[in-house]
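The values are calculated or read from the model by the stated rules, or taken from the named source; none is laboratory data. No experiment lies behind these values; they were computed from the predicted model shown. Cβ placement follows ideal geometry from the backbone for every residue including glycine, while neighbour counts extend to all protein chains displayed.
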Amino acid sequence: MTHPASAHSAAGTAAEAAVLRLTGVTLHLGRDPQQVIALDAVDLAVAPGELVAVTGPSGSGKSSLLAVAGGLQHPTAGTVHVAGTDLTTLREHQRTAHRRRHIGYVFQHANLFASLTAREQLLLTAHTAGRLDAATRRRADELLEAVGMSARAHHRPDRLSGGERQRVGIARALVLAPEVLLVDEPTSALDRARAREVVDLLAEQTRAHRTATVMVTHDHEILDAADRVLTLRDGRLS
């Protein structure tokens, strides 16, 4: 885990060169009198090649943080800059297009298509974004090799282990070379050995591809893989 002095330095670096920057982000859910403050004036800056882990109790706002950072949910107040563009100023279709170009997601469960092979999972992502060309096909193969899945590239999910499916999910999230990677509880369904393998892979790929990565997790045993560890509690980030 990062020491306070190095954490301060890392935070300063992130603030100067952030690819992902949340400023004063507040999110209210529901209506009075049942309104919930999911995020409360959150500031966050993540630099290229930096892995930031966000931990906190259930209901603290971690899922809301990822939803807002990825442009899936519009904040009540504040700004969300991804690759130099404030998502809060965009219309929904513009946010969707920007998200496809600049943001990758790794979900809690890999959510692979049962009928597609590991390689086809990556190619479908490229096809959906209108970027399925020879260069992207090569990148898909290179990523599958990087995550140790070349030998399993033509296997469907029912022939892959949980750790293998999560590796494919990481490769799929990186196939379009996103500047920002958002990761939701990547180890929750894995045993200890597979959890460490997956998080080390995330850290390695974050640095190799200069991606700004935010990983939400309950797993305190993997936090040492992160450059910074932040805590979200009652919607406040510290």
Answer residue from the stretch 85-111, given it is part of a loop (DSSP other than H, G, I, E, B) and in contact (Cβ under 8 Å) with a residue 40 or more places away in the chain and is farthest from ALA47 (Cα to Cα) among those:
ASN111
Is it the case, given these coordinates, that GLY162 is surrounded by fewer than 20 Cβ atoms within 10 Å (Cβ to Cβ) and in contact (Cβ under 8 Å) with a residue 24 or more places away in the chain?
yes
Scan the stretch 189-206 and tell me whether some residue there is closer than 22 Å to ALA126 by Cβ and in contact with a Pro (Cβ under 7 Å, 6 or more places away or on another chain).
yes
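For (1) surrounded by fewer than 18 Cβ atoms within 10 Å (Cβ to Cβ); (2) at pLDDT below 95; (3) touching an Asp or Glu at 6+ places or on another chain (Cβ under 9 Å); (4) hydroxyl-bearing (Ser, Thr, Tyr), each residue gets a yes or a no:
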residue: ASP200; (1), (2), (3), (4): yes, yes, no, no
residue: GLN205; (1), (2), (3), (4): no, yes, no, no
residue: ALA208; (1), (2), (3), (4): yes, yes, no, no
residue: THR213; (1), (2), (3), (4): no, no, yes, yes
residue: THR217; (1), (2), (3), (4): no, yes, yes, yes
residue: ILE222; (1), (2), (3), (4): no, yes, yes, no
residue: ASP227; (1), (2), (3), (4): no, no, yes, no
residue: LEU230; (1), (2), (3), (4): no, no, no, no
residue: ARG233; (1), (2), (3), (4): yes, yes, no, no
Checking GLU197 against (1) part of a loop (DSSP other than H, G, I, E, B); (2) of a type outside the set (Gly, Ala, Ser); (3) over 29 Å from VAL68 (Cβ atoms), which test does it fail?
(1)
Give me the residue from the stretch 174-191 that is farther than 19 Å from ASP219 by Cβ and not in a loop (DSSP other than H, G, I, E, B) and, out of that set, nearest to the chain's Cα centre (by Cα).
VAL180
Kindly indicate the residue of the stretch 109-145 that is crowded, with 17+ Cβ neighbours inside 10 Å and under 16 Å from the mean Cα position of the chain (by Cα) and also nearest to PRO48 (Cα to Cα) among those meeting that condition.
THR125
Within the stretch 43-66, of all residues that are at pLDDT 95 or above and either assigned to a helix (DSSP H, G or I) or basic (Lys, Arg) (or both), the one nearest to LEU237 (Cα to Cα) is LEU65
If the Cβ limit is 9 Å and pairs must be 6+ apart or interchain, which residue in the stretch 112-133 that is within 17 Å of ARG100 (Cβ to Cβ) pairs with which residue that is charged (D, E, K, R) and part of a loop (DSSP other than H, G, I, E, B)?
THR125/ARG131; ALA126/ASP133
If VAL198 satisfies all but one of (1) in contact (Cβ under 8 Å) with a residue 40 or more places away in the chain; (2) under 15 Å from the mean Cα position of the chain (by Cα); (3) closer than 24 Å to SER115 by Cα, what's the number of the condition it fails?
(1)
Give all pairs with beta carbons closer than 6 Å in which a residue from the stretch 56-77 that is over 21 Å from ILE103 (Cα atoms) meets a residue that is of a type in the set (D, E, K, R) and part of a helix (DSSP H, G or I); count only pairs at least 6 apart in sequence or on separate chains.
GLY56/LYS62
Among the residues in the stretch 146-155, are any without any contact (Cβ under 8 Å) to a residue 60 or more places away in the chain, part of a helix (DSSP H, G or I) and buried (at least 22 other Cβ atoms within 10 Å of the Cβ)?
no
Here is a list of conditions, (1) surrounded by 20 or more Cβ atoms within 10 Å (Cβ to Cβ); (2) among the hydrophobic types (A, V, I, L, M, F, W, C); (3) modelled with pLDDT under 95, and LEU181 meets all of them except one; can you say which number that is?
(3)
Would you say GLN94 is over 23 Å from PRO48 (Cβ atoms) and either among the aliphatic types (A, V, I, L, M) or within 18 Å of the chain's Cα centre (by Cα) (or both)?
no
Selection from the stretch 27-42 of residues that are at pLDDT below 90 and touching a Leu at 6+ places or on another chain (Cβ under 6 Å):
VAL36
